[in-house]
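Just so it is clear, none of the values below were taken in a lab; they were calculated from the coordinates. Keep in mind that this is a model prediction, so the values were computed, not measured. With ideal geometry, Cβ positions are generated from the backbone for all residues, glycine too; neighbour counts draw on all protein chains shown.
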Amino acid sequence: MKKFTDPAKLQKWCRGVKAKGRKIALVPTMGYLHDGHLSLIREAKRQGADEIVVSVFVNPVQFGPNEDYEKYPRDEKADWKKCREAGATAVFFPTPANMYLERHSVYVTEEDLSKGLCGARRPGHFRGVCTVVAKLFNITHADVAVFGQKDYQQAQIIKRMARDLNFDIKIVVAPIVREPSGLARSSRNTYLSDEEREAAVAISKAIYAVKEGDGAAQAKRKIAAALEKAGLNVDYVECVDAETLEDAKKAVKGTCVLVAAFCGKTRLIDNRLI
Ligand code: PAF
């Protein structure tokens with residue numbers, strides 16, 4: 001497995017791979033890899049890629065000033081081992097300084113799907129995500145990139161960015177991987193105490209308690225009540241059209257129920273496609 005830290009070197013290597021007619025898959029991550037990420041690497045393999053590039057980069061540009069950029073968990077050694085075991089062929093560990101050169105001044109903004117949900121609560125977050133993902137697409141010349149459904153809004157925005165900016169890349173969205181309790185796997189779960197981890201299970205329970213055909217307002221009320229009962233602080237509960245992310249009237253096929261809630265100080269997100 002190859003290791004790159006310099007974007008220019010990775011870009012040159014990828015250019016060589018493509019010149020031989022070989023296919024590249026990209027799995028963008030912020031590291032501290034768990035089973036959810038490993039499922040993305042396996043999905044990249046299923047896509048028939050010859051080279052699977054995993055990027056491990058805690059992207060400062062997508063964190064707000066009061067968010068957890070500094071304390072976001074990092075473990076490069078463990079990530080390296082997990083990537084190799086899951087079948088990656090190259091890992092990219094750039095630094096903020098070599099991703100964002102002095103006087104970096106170009107950013108990518110998506111102006112429709114980013115307006116609500118996490119976009120409304122985390123100003124600038126998706127601008128940071130789109131910018132780094134666009135850079136990773138350009139660095140790797142990937143044919144396919146795999147993202148997790150757990151970040152549902154992010155995946156929709158990236159699909160829109162690829163479409164609107166004519167990136168020649170297939171975007172694959174892989175299903176959420178859950179702990180046996182139902183809690184969606186996330187690197188941020190490491191922040192949770194044992195009690196918080198138990199309370200956090202209420203999120204997946206509540207979204208799976210929604211029945212197809214339920215009215216959106218009633219479903220949202222029920223979810224919010226269940227989360228509050230478990231001691232969580234609701235950031236948002238929404239039921240939206242899965243494509244446009246506009247409010248839906250009913251939780252029917254083609255809609256998505258999304259939740260963001262604070263469990264102690266940890267903000268967790270989850271969703272369910274009806
Ligand atoms: O989903 C994530 O881990 C990040 O937002 C991503 C896509 C790797 C961009 O930094």
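Amide H to amide H, which residues 5 or more places from Ser55 or on other chains are under 5 Å from it, using H placed in the peptide plane?
Long-range HN contacts for Ser55: Val27, Thr29, Phe92.
Magnitude of the Cβ-charge dipole of the stretch 105-262, K/R +1 and D/E -1, about the Cα centre, nearest 20 debye? All intermediate terms of the calculation are to be shown ahead of the outcome.
Numbers: 23 positive and 21 negative charges, 33 e Å.
Its charge dipole is roughly 160 debye.
Among the aspartates and glutamates, select those whose C-alpha is under 17 Å from the C-alpha of Lys220, and discard any that sit fewer than 8 residues away in the same chain.
Straight-distance partners of Lys220: Glu212, Glu228, Asp235, Glu238, Asp241, Glu246, Asp247, Asp270.
Is the shape of the chain best called rounded, prolate or oblate, per the rule: a/c under 1.5 gives rounded, else a/b larger than b/c gives prolate, else oblate, with a ≥ b ≥ c the square roots of the Cα gyration tensor eigenvalues?
Values: a/c = 1.75, a/b = 1.60, b/c = 1.09.
Prolate, since a/c reaches 1.5 and a/b exceeds b/c.
As an exercise, identify the trypsin sites (Lys or Arg not before Pro) in the stretch 27-102 lying in DSSP coil whose Cβ has no more than 15 other Cβ atoms within 10 Å.
Details: sites: Arg42, Lys45, Arg46, Lys71, Arg74, Lys77, Lys81, Lys82, Arg84; in loops: Lys71, Arg74.
Passing sites in the stretch 27-102 are Lys71, Arg74.
For the stretch 69-215: lysine pairs with Cα atoms under 19 Å, gap of 8 or more or different chains, count?
Working: Lys115/Lys150; Lys115/Lys159; Lys135/Lys159; Lys135/Lys170; Lys150/Lys159; Lys150/Lys170; Lys150/Lys205; Lys159/Lys170.
Lysine pair count for the stretch 69-215: 8.
Given the rule -39500 (n - 2.57) for each run of at least 4 DSSP H residues, summed and divided by the residues of the chain, what is its mean residue ellipticity at 222 nm, to the nearest 500 deg cm²/dmol? Write down the numbers at each step before the final one.
Working: 9 runs with 103 residues, N = 274.
So the calculated ellipticity at 222 nm is -11500 deg cm²/dmol.
Which residue, Thr29, Thr244, Thr255, has the most motion in a Gaussian network model of the chain that connects Cα atoms within less than 10 Å?
Thr244
What does the extension gain come out to for Glu111 and Glu67, with contour length at 0.36 nm per residue minus their alpha carbon separation? Intermediate results must be reported in sequence, preceding the final value.
Values: separation 44, 0.36 × 44 = 15.84 nm, distance 2.24 nm.
This chain segment gains 13.6 nm when fully extended.
With a cut-off of 18 Å, note down the residues of the stretch 238-261 whose backbone N falls inside the zone around a label point 7 Å from the Cα of Asp164 toward its beta carbon.
Backbone N within reach: 241-247.
Could you compute the FRET efficiency for Lys45 and Arg74, with r as their C-beta to C-beta distance and R0 at 25 Å, rounded to 0.05?
On the way: r = 25 Å, r/R0 = 1.01.
For R0 = 25 Å, the calculated efficiency reads 0.50.
Could you pull out which residues in the stretch 195-220 have an amide N less than 20 Å from a spot 7 Å beyond the Cα of Lys265, following the Cα-Cβ vector?
Counting backbone N atoms under 20 Å from the label point, the list is 195-200.
Val201 to Arg15: extension gain in nm, 0.36 nm per residue of separation minus the Cα-Cα distance? Could the numbers behind the result be given before it?
Values: separation 186, 0.36 × 186 = 66.96 nm, distance 4.45 nm.
Here the segment from Val201 to Arg15 would lengthen by 62.5 nm.
Please report the spacing between the Cα centers of the stretch 63-78 and the stretch 1-45 in Å, no decimals.
Comparing the Cα centres of the stretch 63-78 and the stretch 1-45, I get a distance of 21 Å.
I need the chymotrypsin sites (Phe, Trp or Tyr not before Pro) found in the stretch 1-69, filtered to DSSP loop residues with at most 16 other beta carbons within 10 Å of theirs. Present the calculation step by step, with values, prior to reporting the outcome.
Values: sites: Phe4, Trp13, Tyr32, Phe57, Phe63, Tyr69; in loops: Tyr32, Phe57, Phe63, Tyr69.
Of the chymotrypsin sites (Phe, Trp or Tyr not before Pro), the ones in loops of the stretch 1-69 whose Cβ has at most 16 other Cβ atoms within 10 Å are Tyr69.
Tell me whether the stretch 22-92 comes out rounded, prolate or oblate; compute the Cα gyration tensor, take square roots of the eigenvalues as a ≥ b ≥ c, and use a/c under 1.5 as the rounded threshold.
On the way: a/c = 2.55, a/b = 1.93, b/c = 1.32.
Taking the square roots of the gyration eigenvalues as a ≥ b ≥ c, the stretch 22-92 is prolate.
If you build a Gaussian network model of the chain, linking Cα atoms that sit under 10 Å apart, which residue out of Gly16, Gly116, Gly124 swings the most?
Gly16
Mind putting a number on the dipole of the chain about its Cα centre? Charges go on the C-beta only, +1 for Lys and Arg and -1 for Asp and Glu, and I need it in Debye to the nearest 20.
In debye, rounded to 20, the chain gives about 740.
Order these by the 10 Å Cβ neighbour count, fewest first: Ser193, Ser187. All intermediate terms of the calculation are to be shown ahead of the outcome.
On the way: Ser193 11, Ser187 19.
If I rank by nearby Cβ atoms, fewest first, I get Ser193, Ser187.
Could you derive backbone 3J(HN,Hα) for the stretch 105-116 from the dihedral phi with the Karplus parameters 6.51, -1.76 and 1.60 (θ = phi - 60°), listing whole Hz in sequence and x where the residue is Gly or Pro?
9, 10, 10, 10, 10, 9, 10, 10, 5, 7, 5, x
Using DSSP to call loops (not H, G, I, E or B), can you name the GluC sites (Glu not before Pro) in the stretch 126-207 whose Cβ has at most 14 other Cβ atoms within 10 angstrom? Walk me through the numbers on the way to the answer.
Values: sites: Glu195, Glu196, Glu198; in loops: none.
In loop regions of the stretch 126-207 (DSSP not H, G, I, E or B), there are no sparsely surrounded GluC sites (Glu not before Pro).
In terms of the Cα gyration tensor, with a ≥ b ≥ c the square roots of its eigenvalues, is the stretch 138-246 rounded because a/c is under 1.5, prolate because a/b exceeds b/c, or oblate?
Working: a/c = 2.80, a/b = 1.59, b/c = 1.76.
Here the stretch 138-246 falls in the oblate category.
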